[in-house]
1. Taking A169 as meeting all but one of (1) in a loop (DSSP other than H, G, I, E, B); (2) open to solvent by less than 10 Å² (accessible area, probe 1.4 Å); (3) among the aliphatic types (A, V, I, L, M), write down the number of the exception.
2. Kindly state which helices (runs of 4 or more DSSP H) lie completely within the stretch 224-340 and contain at least 3 residues that are open to solvent by 30 Å² or more (accessible area, probe 1.4 Å), without any contact (Cβ under 8 Å) to a residue 60 or more places away in the chain and not basic (K, R).
3. Which of the residues that make up the stretch 104-127 are crowded, with 21+ Cβ neighbours inside 10 Å and either in contact with a Pro (Cβ under 9 Å, 6 or more places away or on another chain) or more than 24 Å from K57 (Cα to Cα) (or both)?
4. In the stretch 296-308, which residues are within 20 Å of V199 (Cβ to Cβ) and at pLDDT 95 or above?
5. Identify all residues within the stretch 130-143 that are of a type in the set (A, V, I, L, M) and surrounded by 24 or more Cβ atoms within 10 Å (Cβ to Cβ); write none if there are none.
6. Mind checking whether some residue in the stretch 361-368 is on the phi > 0 side of the Ramachandran plot, touching an Asp or Glu at 6+ places or on another chain (Cβ under 9 Å), open to solvent by 20 Å² or more (accessible area, probe 1.4 Å) and not hydrophobic (A, V, I, L, M, F, W, C)?
7. What number of residues in the stretch 206-219 are surrounded by fewer than 21 Cβ atoms within 10 Å (Cβ to Cβ) and either more than 25 Å from T178 (Cα to Cα) or among the aliphatic types (A, V, I, L, M) (or both)?
Amino acid sequence: MKKKVLAMFLAAGMAASLVACGGSSSTGNETKAEAKTEEKTESKAEEKSGDSGDKSKIRVCVAYSGNLGDKSYNDSCNEGSQKAVADFGIELKNLEGTTPDEWKANLLSACEDGYDLVICSSSNFQEYLQEYAPEYPDVKFAIIDTTVDAANVQSISFAQNQGSFLAGAAAAMFTEKTDIDGVNGDAIIGWVGGMDIPVLHDFYVGYEQGAKYINPDIQILQAFAGTWNDPLKGKELTLAQYEQGADIVMNVASGTGSGILEAATDAGKYAIGVDLNQDNDQPGHVLTSMVKRVDTACYLTIKSVVEGTFQGGSTSYLTVADGGVSLTDFAVIKEALGDKFPQDIVDKVAELEKKIVSGEIVVENYEGFGPSAK
């Protein structure tokens, strides 16, 4: 039977374990890893720290459904695992992939290579982990952003709907500030996602609810790029939303998102970052970022294996109250706008956050998400 692990499992170590997210991560030297499957698919791999022949070291493999260097979700995960390398001396390999064939091949490669822990960075791995985790009972697995019910899998999810509620509320307030250059008189905001997968709909549900909490009549433009790795597509979709009247667009697109942020600068408009602190990626054009502490999830999962406290068959759900999701402090945009900076947005966001924590505001989830999701 699945155990329900309190979100405190991860949240308790957040403040002490990691500094605030921000910037990009070093990906180290890349090598080619050949998957031991019929597909014989090759993917980029990174091997950081340690001698693979040292059997005393905990061996961890992180499989990505995208590439490092995205300054977003994947880099956040990598920050946590790299901190584990520094703190615990583990052996780490990163396997990057951008297609379903690569994701499956990389997962099987990690299983066959006998890693102590395999972290699947996103829900793109769900179907493969459900199929193959029971075939490798001696391997510990973790998966982020979804749930896999297996005795050797730890599932970690986030209340991205809550963080997105705050982002949507901030966007709805910002679009009314017509005294700021680039903000028009239309109550229209935008949202651009990467792949059309359930977790992104959970982002959007919260974003929409937060925006309409501020202005029930606001119009929200939505688009999916269909990929995590196409900045040009992200830029194209974002520019189209600006042309339709939006003056601020939320990025939820990993590597595709760099194009979304770039579009804000090119158009003289504004964006909201995601996963890591992206406020400085396009200074003066990113209102805030919705930080999702994937770094902490990865770090503390590795720590649990090192310390022998890993709990397979468990789920964790990290909320605003736990520090699992939050908005950045608006400091960069405040400096850029000077006297025109709308302090009332910051004050209102703080008020809304307290109401979410207290339960006065209940943020809706997309189907299959939330603290009681199976």
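The values are calculated or read from the model by the stated rules, or taken from the named source; none is laboratory data. Given the structure is predicted, the values throughout are model-derived calculations rather than measurements. All Cβ positions, even for glycine, are placed from backbone atoms using ideal geometry, and neighbour counts span all protein chains on display. Note: accessible area is taken over every heavy atom of the protein model, side chains too, but ligands, DNA and RNA are not part of it. Shrake-Rupley method; radii C 1.70, N 1.55, O 1.52, S 1.80 Å.
1. Tallying (1) in a loop (DSSP other than H, G, I, E, B); (2) open to solvent by less than 10 Å² (accessible area, probe 1.4 Å); (3) among the aliphatic types (A, V, I, L, M), A169 fails exactly one: (1).
2. Working: elements: 231-243, 257-267, 294-306, 331-337.
Passing ranges, in order: 231-243, 257-267, 331-337.
3. K104, A105, S122, S123, N124, F125
4. C298, T301
5. Once the filter is applied, which keeps residues that are of a type in the set (A, V, I, L, M) and surrounded by 24 or more Cβ atoms within 10 Å (Cβ to Cβ), the stretch 130-143 yields A133, A142, I143.
6. Yes, the stretch 361-368 has at least one match.
7. Selection size over the stretch 206-219: 2.
Here is a yes/no grid of residues against (1) under 20 Å from Y242 (Cα atoms); (2) not charged (D, E, K, R):
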residue	(1), (2)
L166	no, yes
A169	yes, yes
G194	yes, yes
I197	no, yes
D202	no, no
K212	yes, no
